[in-house]
Every structure is written in C-alpha cells, then in structure tokens.
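> A single structure is presented below for examination.
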Ligand SMILES: NC(=O)c1ccc[n+]([C@@H]2O[C@H](COP(=O)([O-])OP(=O)(O)OC[C@H]3O[C@@H](n4cnc5c(N)ncnc54)[C@H](O)[C@@H]3O)[C@@H](O)[C@H]2O)c1
Ligand SMILES: [Zn+2]
C-alpha cells in the first residue's frame, strides 16, 4: 500500500528493495541492529553502504549520540547527494533525522521504522530532534524524510509493552481527529488487523501534517496527552514509563481537565477510558510533587509561561486552550497525587 498525501511516499507492507545512486549511512540501535541490520542491508542497492549503531533507549537521544552519527557521516564522507537511513524506533528516526538535517546543512534521509509508535507516528511528518537537560525534543528541526517504509513484520520481535505503548498514539489520533477510527479501534482487535490499523493511523497523521506542516493549529492535536505526558517522562528522568505509556496517562489528565472546564462530557471521557482499557493502557501513577510538576509543564516547548493544552471537546475533535488558571490544573493534578 502506498500513501502519497505528503511530498514523500509512505510504503506499507513487506519491505521492498531500496535503491540509491549515492552512498547510504544506515543508523540503527544496539537492539534493532542485531535483529534486522543484515536483513535491511540485503535490500539496499547503493554505491556504498555504511552503518552506525547507537545505544538503544530514550536516554541516549542526546547530543553525544548525535555527535557519533555525525562523525560516521564525515568518516563515510557523505555528500549532499547521499542519504542517511534510520532503522529503528522513534529514538533512532528522530536522532538520525536531526543528524540528516544539520549534516552539511542537510542531506536526505529515509526511515524504516521498527516500533509501532514509530510506524504510526514518529516516522511521519518530518519532526526530528534530541532531548537535553531542559526537556524532550527541545533541540531539533523540521526535516521531512524522502521516503518511509513501514513493514509490520518488524513488530513481531517488539516487546508487548512497547507494542501497547504505540497503540496510545493511535488512540490519541482517533480521539482528536477521527470518530470512525475510534469506533474501528473499539470494534476490531488490532492484533488481528494490524496492517490496516497502521495504515489508517498513518493516513490520519499524513492528512493532518499535509494541512498544517509547521503546527499552526491542526497538527497541535497530535500533542493531545503530550504536555502532561512529557512532564511525566521528565519527572521520571525518562526511566519510568515508556513515551506512549506516559501519553496514555497524559490523555486521562487532559480529559479530566477538559471535563473540569466543561469542554468534554463525562460520557465521552468514559468512552476514551474504556478504549484505553481495551488495550491495557490504564496505569497507576502518582504525581510526586505537584508544584514541581506544574513547573515542568510550563517548560514544555509548546508553552510560553502557562501551559497550553490540547483538550478533546468530543470524540473526533479538540481545542487548544491557552489560559487555564494554575489552580484548575493543580486541582486536576491533585487527583493524581
Ligand atoms: N518525530 C515525531 O513526530 C515523533 C512522534 C512521536 C514520538 N516521537 C519520539 O519517538 C520516541 C519514542 O519512539 P519508540 O517508542 O519507537 O522508542 P525507541 O526508539 O526507544 O524504541 C523502543 C525500544 O524498542 C526497541 N526496538 C525497536 N524496534 C524493535 C523491534 N522491531 N524488535 C525489538 N525491539 C525493538 C528499541 O531498541 C528500543 O529499545 C520518543 O523519543 C519520541 O519523542 C517522535
Ligand atoms: Zn508521542
């Protein structure tokens, strides 16, 4: 299947041969490379192919790891006609994409995403970047890939926990953009209809990005659950919940805030809870220190001094709310303390 909504092709199905006239630098991580690097290399037809393996995990999505990728690109003497290829989850594609954005002021890159989260979300839309001490993805660039190859077969080795975390990003899109998809996820068990479920999710994101590449408004909907979720990840020093798990908790916090503000009715909120429940995405979480947590919320890069929230107004629509009084947010956080 080919999705062509954006300026680059998104292929969904068994990995096809990948042909390049120039050189290719494959960037992968220490978990994915032993599983799939050879398999990918067999598929690549290029003048020269190099590889660089980064340590796996969100904690390594940083400047030191980026330096390593850039060094390999210089060692391989890549020119602007050459290409980087990310093989891995969202950490690899965000980091390799950012390396591609800044290496010699930008060379093209392609993505072979190997986690569900990367297949339905991180590989689409051209956002790249790394984390630093101030928070997640605070250093980065818009640098769309030249092609994305989504092969659900890679997911066979993905740990169940990682798989479920990816579903959170699918539910996020259903809630903010597409009631039919929400119903679809309720009706069809994803493990039995995986390729179609992925394709639908990718199509939604591609449409959103096509309408609003630079996140003026519509694309903001993709941040549903993320202002809270990023704060949870940061508070846990990126060593607790997986990204998608933190987003799942963040969606419930956003729903609670939306209900408190009278934007969302409790029935819709309960329906979202029920869908999260179906996919085993409801978690016990306690905010350790509400004041400190609020400060982290304010530091999220989408915010000025007060946090901005994507809040669902019904299933399939959302609003971006900017000026919520601090005490309202604190009251919601108290129910998680
Ligand atoms: N650019 C965007 O638009 C965007 C959108 C959403 C998320 N993200 C970013 O994506 C990142 C999260 O992505 P992720 O969840 O893919 O994390 P990840 O890249 O860390 O992958 C999760 C783990 O699974 C392993 N793994 C990957 N593929 C595997 C496979 N097929 N079999 C077995 N193990 C495998 C990885 O080595 C890693 O240990 C975050 O940094 C987030 O900020 C970016
Ligand atoms: Zn996300």
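> Please work out if residue 249 is assigned by TED's automatic domain parsing to the domain that holds residue 330, within 16 Å of ligand 1 (Cβ to nearest atom), farther than 20 Å from residue 218 by Cα and touching a helix residue (DSSP H, G or I) at 6+ places or on another chain (Cβ under 7 Å).
yes
> Still on this structure, please answer the following. Listed residues 284, 280, 323; which is in a loop (DSSP other than H, G, I, E, B), exposed (fewer than 15 other Cβ atoms within 10 Å of the Cβ) and without any contact (Cβ under 8 Å) to a residue 12 or more places away in the chain?
Among 284, 280, 323, only 284 is in a loop (DSSP other than H, G, I, E, B), exposed (fewer than 15 other Cβ atoms within 10 Å of the Cβ) and without any contact (Cβ under 8 Å) to a residue 12 or more places away in the chain.
> So in the stretch 127-160, with the set limited to residues that are over 15 Å from the mean Cα position of the chain (by Cα) and in a strand (DSSP E or B), which one is surrounded by the fewest Cβ atoms within 10 Å (Cβ to Cβ)?
132
Conditions (1) under 15 Å from the mean Cα position of the chain (by Cα); (2) surrounded by fewer than 16 Cβ atoms within 10 Å (Cβ to Cβ); (3) in a loop (DSSP other than H, G, I, E, B), marked per residue:
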position	(1), (2), (3)
180	no, yes, no
186	no, yes, no
197	no, no, no
205	yes, no, no
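> In addition: Please go through (1) surrounded by fewer than 24 Cβ atoms within 10 Å (Cβ to Cβ); (2) modelled with pLDDT under 95; (3) within 21 Å of residue 179 (Cα to Cα) for residue 226 and return the number of the only condition it doesn't satisfy.
All conditions are met except number (1).
> For the stretch 94-112, enumerate the residues that are in contact (Cβ under 8 Å) with a residue 40 or more places away in the chain and under 17 Å from residue 61 (Cα atoms).
94, 95, 96, 97, 98, 99, 100, 101
> Could you say which residue among 49, 59, 148 is away from ligand 2 (no atom under 16 Å from the Cβ) and within 19 Å of residue 233 (Cα to Cα)? Working first, answer last.
Working: 49 fails: within 19 Å of residue 233 (Cα to Cα); 148 fails: within 19 Å of residue 233 (Cα to Cα).
It is 59.
> Would you say residue 292 is part of a helix (DSSP H, G or I), more than 13 Å from ligand 1 (Cβ to nearest atom) and touching a strand residue (DSSP E or B) at 6+ places or on another chain (Cβ under 6 Å)?
It is false that residue 292 is part of a helix (DSSP H, G or I), more than 13 Å from ligand 1 (Cβ to nearest atom) and touching a strand residue (DSSP E or B) at 6+ places or on another chain (Cβ under 6 Å).
> Please name all residue pairs, on different chains or six or more residues apart, with Cβ atoms under 8 Å, provided the first residue is in the stretch 226-243 and is outside the structural domain of residue 256 (by TED's automatic domain parsing) and the second residue is at pLDDT 95 or above and more than 10 Å from ligand 2 (Cβ to nearest atom).
Close Cβ pairs satisfying both conditions: none exist.
The values are calculated or read from the model by the stated rules, or taken from the named source; none is laboratory data. Computed from a prediction, not measured in an experiment: that's the story for all the values here. Virtual Cβ from ideal backbone geometry, glycine too; neighbours counted across all protein chains shown.
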